[in-house]
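Below is one structure, written out as structure tokens; the observations come after it.
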Amino acid sequence: MKALYAHGARDLRLADCEAGPPGPGEVLLRVRRGGICGSDLHYYNHGGFGAVTLREPMILGHEIAAEVAELGAGVSGLAAGDLVAVSPSRPCGACRHCLKGLPNQCENMRFYGSAMPFPHIQGAFRQEIVALASQCVPAGGLDAARAAMAEPLSVALHAVRRAGDLLGRRVLVTGCGPIGVLAILAARAAGAGEITAVDVADRALGFAEQAGAARLLNTAADRDALAEDSRGKGSFDVLFECSGAAAALAAGIGALAPRGVIVQLGMSGEMTLPILPVIAKELEIRGSFRFHEEFAVAVAMMRDGRIDPGFLLTDTMPLAEFGAAFETASDKSRAMKVQLDFAG
Ligand SMILES: [Zn+2]
Ligand SMILES: [Zn+2]
């Protein structure tokens, strides 16, 4: 059985890996699809991000769909052959944040494919993996490609929860990569009013349009694209900042109306922001990090057809072509979501 290890920047290697038999409460899974995420790309291109760097080889990957191969003792509700979406979120359930009902803030989180702790938490880009049955959400009726999108969709649903009531609200989304586009889908599902999408590439804005954004603004073509929305005290109720670019955050702050809410999802390092309008317009800045219970919600919303993120998938490549897959995923002019196919 093979797994995809990152040894450092631009150094990926396919190597053998063992998956033991499933213990009590566990299942052995045969991985079918794995989506390449922004964090995987940071490890691939730079060996990490900010203070988080690879200090030992780490299996990448946390967006997977798999087939149940074998059940451990005491597992119910799953059967061999079931397609499942696998949550990479493994909180301890015992620290004070878990006990407060904030499992995504767990002190001892073992999130797949993360170099934040040391030893690093090994990821899920492998042909077989033993997981807790509680991580597996049955995805019958979905294809493996969509089931593997439950993870990024959960990130967007958590952000929508952080934003609070969206019913009829004017929403601005800056940065239309996979998370920005999924935030548009999630905001629409939560009843948002008019959604305006901002990016520096028309191609990304095309995906935002497909997701249901009513207005598309290219700030590379027109630096003042938000001028009208920023007149007076601004006009948007909620900003989902998904680019991690300081300029986008500053422009969004200028376009938010008094008491507007900023949900910051984009993460590319430290940012400076104009604090005076935050004070004067009484804006609220809210972080949004990962998810937990939203994972099952994401699968349910896809299964009943309320959200279909399938159009985000631009490329699927076999595991053996991991090099080409990571190169494609790194090139935003070609790719939106790239998945690896682990079959065979
Ligand atoms: Zn992800
Ligand atoms: Zn915990």
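Between the alpha-carbon centers of segment 243-316 and segment 62-120, tell me the distance in whole angstrom.
Using only Cα atoms, the two centres lie 24 Å from each other.
How large is log10 I(q)/I(0) at q = 0.07, 0.08, 0.10, 0.12 Å⁻¹ when the Debye formula is applied to the Cα atoms of the chain, each weighted equally and without solvent?
-0.29, -0.37, -0.59, -0.85
Obtain the radius of gyration and the Kirkwood radius of segment 299-344 from its C-alpha atoms and give Rg over Rh. Walk me through the intermediate numbers first.
Details: Rg = 12.8 Å, Rh = 11.8 Å.
Rg/Rh for segment 299-344 comes to 1.08.
Where a Cα-Cα gap under 18 Å defines reach, which lysines qualify for LYS233, not counting those fewer than 8 residues away within the same chain?
Hits, sequence-local ones excluded: LYS281.
Once you mark the GluC sites (Glu not before Pro) that are in a DSSP loop and have at most 16 other Cβ atoms within 10 Å, what is the longest gap between them in the chain? Please report the intermediate quantities before stating the final value.
Numbers: sites that count: GLU18, GLU107, GLU194, GLU270, GLU282, GLU293.
Result, exposed sites excluded: 19-106.
Would you calculate, for the chain, the mean residue ellipticity at 222 nm contributed by helices, counting each DSSP H stretch of 4 or more residues as -39,500 (n - 2.57) and dividing by all residues, to the nearest 500?
On the way: 11 runs with 92 residues, N = 344.
For the chain, the value works out to -7500 deg cm²/dmol.
Where in segment 216-240 is the amide nitrogen less than 14 Å from a point lying 7 Å along the Cα-to-Cβ axis of SER268?
219-220
In whole Hz and in residue order, list the ³J(HN,Hα) couplings for segment 91-99 that follow from phi through the Karplus curve 6.51 cos²θ - 1.76 cosθ + 1.60, θ = phi - 60°; x for Gly and Pro.
x, 6, x, 10, 6, 5, 6, 4, 5
I'd like the antiparallel share, as a percent to the nearest 5, of DSSP beta bridges with both residues in the chain.
On the way: 35 of 61 bridges.
Just about 55 percent of them are antiparallel.
Farthest toward the dipole's positive end in the chain, which of THR272, ALA257, PRO21, given Cβ charges of +1 (Lys, Arg) and -1 (Asp, Glu) about the Cα centre?
Among THR272, ALA257, PRO21, the one farthest towards the positive end of the dipole of the chain is ALA257.
Please identify every one of the chymotrypsin sites (Phe, Trp or Tyr not before Pro) in segment 279-335 that sits in a loop by DSSP and has no more than 16 other beta carbons within 10 Å of its own beta carbon.
PHE289
Relative to the longest principal axis of the C-alpha atoms of the chain, give the angle of the C-alpha long axis of helix 294-303, reported between 0 and 90° and rounded to the nearest 10°.
Between the helix axis and the principal axis of the chain, the angle is about 90 degrees.
Within segment 268-343, list the trypsin sites (Lys or Arg not before Pro) lying in a DSSP loop whose Cβ has at most 15 other Cβ atoms in a 10 Å radius.
Working: sites: LYS281, ARG286, ARG290, ARG303, ARG306, LYS332, ARG334, LYS337; in loops: LYS281, ARG290, ARG306, LYS332, ARG334.
Listed in order of number, the matching sites are ARG306, LYS332, ARG334.
Among residues other than ALA79 whose Cβ falls under 13 Å from its Cβ, what is the net charge (Lys/Arg +1, Asp/Glu -1)? Intermediate results must be reported in sequence, preceding the final value.
Working: positive: none; negative: GLU67, GLU70, ASP82.
So the environment of ALA79 carries a net charge of -3.
Alpha carbons only, please: Rg and Dmax for segment 1-76, in angstrom.
Here Rg and the maximum Cα pair distance are 14.8, 42 Å.
Hey, what's the per residue convex hull volume over the C-alpha atoms of segment 264-303, in cubic angstrom?
Details: hull volume 4.2 nm³, N = 40.
Output value, Cα hull per residue: 105 Å³.
Select from segment 75-173 those trypsin sites (Lys or Arg not before Pro) which occupy a DSSP coil region and have at most 16 other Cβ atoms within 10 Å, ordered by residue number. Before the final figure, lay out each step's value.
Numbers: sites: ARG96, LYS100, ARG110, ARG126, ARG146, ARG161, ARG162, ARG169, ARG170; in loops: LYS100, ARG110, ARG169, ARG170.
Sparse-neighbourhood loop trypsin sites (Lys or Arg not before Pro): LYS100, ARG110.
Report, please, the projected area of segment 149-224 averaged over directions, based on the convex hull of its C-alpha atoms, in nm². Walk me through the numbers on the way to the answer.
Working: hull surface 18.5 nm².
That works out to 4.6 nm², a quarter of the Cα hull's surface.
Compute the acute angle (0 to 90°) between the alpha-carbon long axis of helix 246-255 and the principal axis of greatest extent of the alpha-carbon atoms of the chain; round to the nearest 10°.
Between helix and principal axis, roughly 50 degrees.
Go ahead and run the numbers for FRET between LYS281 and ASN45, Cβ-Cβ distance against an R0 of 45 Å, rounding to 0.05. Please list the in-between numbers first.
Working: r = 37 Å, r/R0 = 0.82.
So the FRET efficiency works out to roughly 0.75.
When a/c is below 1.5 the answer is rounded, else prolate if a/b is larger than b/c, else oblate, so apply that to segment 147-278 with a ≥ b ≥ c taken from the square roots of the Cα gyration tensor eigenvalues.
On the way: a/c = 1.37, a/b = 1.27, b/c = 1.08.
Rounded, since a/c falls under 1.5.
May I ask for log10 I(q)/I(0) of segment 224-336 at q = 0.16, 0.17 Å⁻¹, from a Debye sum over the Cα atoms as equal point scatterers with solvent left out?
Results for segment 224-336 at q = 0.16, 0.17 Å⁻¹ read -0.95, -1.00.
Could you work out how much longer the chain between ALA73 and ARG259 gets when fully extended? Use 0.36 nm per residue separation minus the Cα distance between them, nm to one decimal. Don't skip to the answer; put the middle values down first.
Values: separation 186, 0.36 × 186 = 66.96 nm, distance 5.23 nm.
The span from ALA73 to ARG259 would gain 61.7 nm if fully extended.
I need the shape label for segment 25-134. Rule: rounded when a/c is under 1.5, else prolate if a/b > b/c, else oblate, with a, b, c from the alpha carbon gyration tensor. Mind showing how you got there, number by number?
On the way: a/c = 2.37, a/b = 1.28, b/c = 1.85.
Since a/c reaches 1.5 but b/c is at least a/b, the shape of segment 25-134 is classed as oblate.
For the Cα atoms of the chain, what angle does the longest principal axis make with the long axis of helix 150-163, in degrees from 0 to 90, nearest 10?
40 degrees
Take the Cα pairs of segment 195-244, get the Kirkwood Rh, then feed it into Stokes-Einstein at 4 °C and 1.567 mPa s and tell me D in µm²/s.
Working: Rh = 11.5 Å.
The estimated diffusion coefficient comes to 113 µm²/s.
Every read-out reported here was derived from the displayed coordinates using simple, explicitly stated rules and does not represent laboratory data. Only a predicted model underlies this, so the values are computations on that prediction, with no experimental measurement involved. Every residue, glycine among them, receives a Cβ derived from its backbone with ideal geometry; neighbour counts consider all protein chains shown.
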